[in-house]
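What follows is a short report on a single structure.
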Amino acid sequence: MRELLKTRVAEMLREGRVDGVVGLIESHGEPLPYLFTADDTAALERISTGELQGRLAELIPGVVRYPLGKILTAVARKHPDKRFGVMCRACDERVVFGLFQNLQLDPDKVEILGLPCKEELARACSCPAPAPRSAIVDQPSREAWDRADLERIDAMALDERFAFWVEELGRCIKCYGCRNACPVCFCDVCTLQDDGLVKKGEIPAELPAFQLTRAWHMVGRCVDCGLCQEACPMDIPIRTIYRKVRSIVGELFDYFPGERDGGKSPLEQLGDGSFPIQ
Amino acid sequence: MRYETIPTTCSYCGCGCEVLLQVLDGELIGVLPSKASPINEGSLCIKGWNLHEFVVSERRLRKPMLRKGGSLVETSWEEALDEVAGRLAKIKSESGPDSIAALSSAKCTNEENYLMQRFVRAAIGTNNVDHCARL
Amino acid sequence: MTNSIAELEDAACIFIIGSNTTEAHPLVANRILRAKQKGAKLIVADPRKIHIAEFADIHLSHRLGSDVALINGIMHVILAEGWEAKDYIASRTEGFEALERVVRGYTPEKVSGITGVPAEQIRAVAEAYARSASSSIVYAMGITQHTTGVDNVKSLANLAMLCGRIGVECGGVNPLRGQNNVQGACDMGALPNVLPGYQKVTDEAARKKFEQAWGVALPSEVGLTVMKMMNGLHAGSVRALYVMGENPAMSDPNSHHVREALSRAELLVVQDITLTETTEYAHAVLPGVSFAEKDGTFTNTERRVQRVRKGIEPVGDSREDGWILCELSRRLGHAMELEPASELMDEIAGLTPSYGGMRYDRLEAFGLQWPCPDAEHPGTKYLHKDKFARGRGLFHAIEYQPPAEACDDEYPMQLTTGRSFVHFHTGTMTRRSPSLDEEQKDPFVQMHPEDAEAHGISPPGQVKVITRRGSISLEAKLSARIPKGMLFIPFHFAEAAANLLTIDALDPIAGIPEYKVCAARVERE
Amino acid sequence: MSAEETARFEPRIVAFCCNWCSYAGADLAGGMRLKYRPNLVPIRVMCSARVAPQFIIRAFQEGADGVLVAGCHIGDCHYVKGNFITAKRVAILRRLIEFMGIPRERLRLEWIAASEGDKYARVADAFTEEIRALGPSPIKDIRFGERSRSCASC
């Protein structure tokens, strides 16, 4: 897979189809985000799919993921005239499509290099749609979305749920990591930092206002990549909340951010008013 | 057009979290937690996530300064270093090395701390070197 | 730390004392809370009900400065119940009899009187700590910043040794260092009494080694600590002070005294990245660079030597701190090379036994923990395995001593200081960071609602906090997390600097100031 | 909250009312001298679509036992389609708060026209009783955070 990726990236750069490719490079003993460019072909030798090497593989299971879509957005903002390739697992691909839908990236200027995940990995990630559409290799379609985490909470009585979330969210140290790591959070001004809406300067972050406010912003946005969860220093199951948001929006509006081309979030279009009240 | 991430160690508390400096065209645009670090495992605290902000602060000093006529005035490195070295040498020759003291820094690197204590002990000739270990 | 951060996750019992872990060391706190989720017992001793205390099985709200009594009380119960590690004590320690004699006097009931902690809680803590499969002690400045700081630390070591908890996995006595490289600064000999690797300046053989390496004769008399430097400036015996990357005008206790001292300096040189309260007194200000603009290493709280890598070029005409020192040293007739940092590390490794095996190529992925004496050594996860550094672990029999300043009619409340989760130290970095500044802009004093009511304070209201050293004005934040009669002020804010209030009474051995307790009163503004 | 406190529990309900219909409806209810429960605290907004979900979250955080969002009937919106968005928002938020353990009944959406003073009164009574039956909001009893604690005693 790594070799194929390397070949494809080299090809894109050589042919001048893109000016740079956002991906991972093996450097200082770990995979790190990097922008590959045509004038820097030596770096291609160290291109990485995020698999860990040697000692690290023992320390950390699975693969290393970074918010490549978010990084691409930052680079593309600075260089709006350039064209980019981006290495994407299925989750990253949903991110990039989500960013297209939210007008943060220009689909005409981005080419996706999809990497299918191994089945164990997709399962460990509870990936809602494990096969990237722009995969560089063929791969079988896979079972989607393990809902065990949602079902577990749906099965609880309301007071039990509330106690569960108080306990979990009570650990929050307000690092804003869930927001910072989120590849589809792109606003310049953040509601979470509005003192009138979420109180500042205290931990845990105001409970439940902080997480409810953040969850609200995931409506029509969350592509369920799980990077928020990986960033949480307190192991709070925040991804479960956003997965619920995604499932609510899916059930009510048949809208799954990042999974289908085009289309705006139901909250960004007025509709015909036929939506039932309760 | 160049974007890279450089792994380094957070400079706030003593946890030693590994952060990646995100550098776009030579500019520090943000940090990311290292996903592979056995210390922070892809997480950071609020200070760590904002680590880049003080680095690029407008309030960073950009030139050496000497106090002239009561206020600090920007000057060249050559003049500032000559002035400081000259005055240290004068005080040392008049009152001995123990009339000079230095505070090293728990924010600086091991190498810099090493150089500082070597400077104080070998160049000035006193053991009057300490830092804020107790604070 | 005697042990490693990751080990905490698997401890069966964690005893936190004097550490506001979730706010000051969040990425250590996460290991502790993970341990808790795996079923560990969590004990938090802190006068305030700090955030992590919400998750504790037992929260001890002991009086400020009563740590020795509390720990002696815990040991009393352990001995009375016969829970001590008898074999360990016999084979690996000495001085046990003296400890036993002192601890005998600290019955839970007596300790309860001193600490305000119910005797039952003391018994419960003793049982949890002594009888769990593995127990780890975590502490920070709440233990050390007292006139009895050394006694406090020794008492914790007593407790750990009594139960055989040192030199074992998931155990130990684990101080959390407040500054990113305070461990390294100590290791590198930025202390008045030791050369790199804690080799005493009074030890001729050690001195010889360095004299040979550096080619000069070295002074053999122990130098001055920070507080003595300040006194020296007052007295005129110290004429010049060189400050690199510190802000004593803000960080040191009884700041009025410190600022007076700084203003008397004939030459004050400050090497820093921004103007600070200290540069107001400087004759020369030399712009150094931040961690992001240079190569080097930091040593974290678990003794891990980690790489610092240059990401960007120095801002403006600022220069690497090492370059500045080398330039000055050359001008004073002692040439030091700012070799590539990797070669400098080789020089350090050659002179510092515990760093003997530290080479940049070995530090690439996530560093090594000292002691690492040679190039093959894998580093050390936990200290004192099989044998203490000094041979046998020494028990210290310690009696409780009250804090330096007692409350009286004029100053009836106790003031303590500490950190907030947003800011760091004197705020020279965090308060210049827009996101952090926005999260917490203003200084505040935390006080109990009933105390506020008694003083006619209703928030949001400005109050004045007064001690024998000075007074500051700031906003009152009411909270039931703090006991009645106590005030808490974070020390990050220059406009209401907590250290204008704190007392400069020092621990007689370590010279650490008693930041954590002094007498105060509060007035409505 | 103690049993005694629950017994004398009076729900506090925030009612966001749109300027053009529902607020006028509330006004009319007063004008008609209708008797209805006094537990609603009306907040006038220009359109129900002005009620950002963050406002609703904030109201709950500040200790509201229930939140009513009242707007013009579909088709009557002064801004033509503002209330279309309101309907979607409330539907999503009700399910979301329920997932967090807050009964969705604590958040209610009603279309109340300027002429429907009687409907406003009816909704006020019914909603108040529904919330009374649900009891005080659990948010007031969260053991973390000082503001919530003081809310419990007010």
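So the values come out like this:
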item: Out of C:Asn247, C:Asn193, sole residue that is open to solvent by 60 Å² or more (accessible area, probe 1.4 Å), touching a Ser or Thr at 6+ places or on another chain (Cβ under 8 Å) and facing another protein chain (nearest Cβ under 9 Å); result: C:Asn193
item: Any hit, the range C:38-46, residues being within 14 Å of another protein chain (Cβ to nearest Cβ) and not β-branched (Val, Ile, Thr); result: yes
item: Some residue of the range C:237-244 being farther than 26 Å from C:Ser354 by Cβ, open to solvent by 10 Å² or more (accessible area, probe 1.4 Å), in contact with an Asp or Glu (Cβ under 6 Å, 6 or more places away or on another chain) and assigned to a loop (DSSP other than H, G, I, E, B); result: yes
item: Which numbered condition A:Val21 misses (of (1) of a type in the set (A, V, I, L, M); (2) farther than 17 Å from A:His79 by Cβ; (3) in contact with a helix residue (DSSP H, G or I) (Cβ under 9 Å, 6 or more places away or on another chain)); result: (2)
item: Candidate set from the range D:22-38 (those that are open to solvent by 40 Å² or more (accessible area, probe 1.4 Å) and among the hydroxyl-bearing types (Ser, Thr, Tyr)); member that is nearest to D:Val69 (Cα to Cα); result: D:Tyr23
item: All helices (runs of 4 or more DSSP H) inside the range C:314-371 with 3 or more residues being within 19 Å of B:Val84 (Cα to Cα) and either touching a residue at least 24 places away in the same chain (Cβ under 8 Å) or touching a Gly at 6+ places or on another chain (Cβ under 8 Å) (or both); result: C:321-331
item: Subset of the range C:429-466 (residues that are assigned to a helix (DSSP H, G or I), open to solvent by 70 Å² or more (accessible area, probe 1.4 Å) and under 30 Å from B:Leu61 (Cβ atoms)); result: C:Pro434, C:Glu438
item: Exclusive hit being more than 7 Å from chain B (Cβ to nearest Cβ) and polar (S, T, N, Q), set C:Ser255, C:Ser290, C:Ser318; result: C:Ser255
item: Residue among A:Lys199, A:Lys174, A:Lys244 that is basic (Lys, Arg) and within 18 Å of the chain's Cα centre (by Cα); result: A:Lys244
item: Single unsatisfied condition, B:Tyr3 versus (1) over 19 Å from A:Lys70 (Cα atoms); (2) modelled with pLDDT of 95 or more; (3) not small (Gly, Ala, Ser); result: (1)
item: Members of the range B:29-82 found to be of a type in the set (Val, Ile, Thr) and under 25 Å from C:Ile5 (Cα atoms), listed by number; result: B:Val31, B:Ile39, B:Ile46
item: Subset of the range A:173-200 (residues that are in a loop (DSSP other than H, G, I, E, B) and open to solvent by 20 Å² or more (accessible area, probe 1.4 Å)); result: A:Cys185, A:Phe186, A:Cys187, A:Asp188, A:Val189, A:Cys190, A:Asp194, A:Asp195, A:Gly196, A:Leu197, A:Lys199, A:Lys200
item: Residue match in the range C:438-453 (condition: in contact with a Gly (Cβ under 9 Å, 6 or more places away or on another chain), within 14 Å of another protein chain (Cβ to nearest Cβ) and in contact (Cβ under 8 Å) with a residue 60 or more places away in the chain); result: no
item: Strands (runs of 3 or more DSSP E) contained entirely in the range A:1-92, each with at least 1 residues that are crowded, with 17+ Cβ neighbours inside 10 Å and either over 22 Å from the mean Cα position of the chain (by Cα) or in the same structural domain as A:Val223 (by TED's automatic domain parsing) (or both); result: A:20-27, A:30-37
item: Qualifying residue in the range C:296-311 (condition: within 16 Å of B:Leu115 (Cα to Cα), at the interface with chain B (Cβ under 10 Å from one of its Cβ atoms) and not in a strand (DSSP E or B)); result: no
item: The lone exception for C:Gln401 - which of (1) assigned to a strand (DSSP E or B); (2) farther than 20 Å from C:Glu23 by Cα it fails; result: (1)
item: Qualifying positions in the range D:36-63 - within 12 Å of chain A (Cβ to nearest Cβ) and more than 16 Å from A:Leu267 (Cβ to Cβ); result: D:Arg58, D:Ala59, D:Phe60, D:Gln61, D:Glu62, D:Gly63
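Okay, residues lined up against (1) farther than 17 Å from B:Gly16 by Cβ; (2) under 13 Å from the mean Cα position of the chain (by Cα):
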{"site": "C:Val150", "(1), (2)": "yes, yes"}
{"site": "C:Val153", "(1), (2)": "yes, yes"}
{"site": "C:Ala160", "(1), (2)": "yes, no"}
{"site": "C:Glu169", "(1), (2)": "yes, no"}
{"site": "C:Arg177", "(1), (2)": "no, yes"}
{"site": "C:Asn181", "(1), (2)": "no, yes"}
{"site": "C:Cys186", "(1), (2)": "no, yes"}
{"site": "C:Leu195", "(1), (2)": "yes, no"}
{"site": "C:Lys200", "(1), (2)": "yes, no"}
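The values are calculated or read from the model by the stated rules, or taken from the named source; none is laboratory data. Note that this is a predicted model, so its numbers are computed, not measured. Note: ideal-geometry Cβ built from the backbone for every residue, glycine included; neighbour counts use all protein chains shown. Keep in mind that these areas ignore ligands, DNA and RNA; they rest on the heavy atoms of the full protein, side chains included. Shrake-Rupley method; radii C 1.70, N 1.55, O 1.52, S 1.80 Å.
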